[in-house]
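Nothing in this text is a laboratory measurement; each read-out follows from the coordinates by a stated rule. Here the structure is a predicted model, which means the values were calculated and not measured. Note that we place each Cβ from the backbone using ideal geometry, even for glycine, and neighbour counts take in every protein chain shown.
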Amino acid sequence: MLARTQTGSLCYFLVWSNQTKLFHLILGLLLVLVFLLTGQYMHVYMHHMVGVPDAPRLLYRTRHIFILLAGLLNLGLGAYLIYRPGGWQRLLQWLGSSLIVVASILFVIAFFYDSTRADLKTPWTHRAVIAIAIGTLIHLISAFGRKESTD
């Protein structure tokens, strides 16, 4: 969508609304549900991880906790996101939120893919951790400059 900045030039960016906060809240709740379901998966299908070698058990459990991390971060954004004035701040918020959403999906993929790898490499988790860290830092950077808007 097109929006005018204060200087009058056109800038392409996602126009934020309460739907963005709602999206983060819903995604956060879904991820907490996925966290509970992956816990049940480990309990029922992996026999509460009894007899599973140390390395795969560690991989399953850490990916399980990463899903909770992503869910709680999305819930926090949904509850406390302050819309910044248009322009570069809002663009950074959109970019940060996009990276956090992508990272959240990658953590779920990593639970099922990375945890089962025999070579103990974790490509999905690696990408997700980088994406969630950068997305969070981008949200921090977007807070510099002018303060909140009234959207």
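Worth a mention:
- Basic side chains Lys and Arg get +1 at the Cβ, acidic Asp and Glu get -1 at the Cβ, and with that the dipole of segment 15-142 about its Cα centre reaches some 180 debye.
- Rounded to whole numbers, the Karplus 3J(HN,Hα) couplings from phi for segment 92-107 are 5, 4, 4, 5, x, 4, 4, 5, 5, 5, 4, 4, 4, 5, 4, 5 Hz, using 6.51 cos²θ - 1.76 cosθ + 1.60 with θ = phi - 60°, and x at Gly and Pro.
- Segment 50-151: chymotrypsin sites (Phe, Trp or Tyr not before Pro) falling in loop per DSSP and having at most 13 other Cβ within 10 Å: F144
- For segment 23-84, the alpha carbon convex hull comes to 66 Å³ per residue, rounded to a whole number.
- Of the trypsin sites (Lys or Arg not before Pro) found in segment 66-131, those that fall in a DSSP loop while having at most 15 other beta-carbon atoms within 10 Å are R117, K121.
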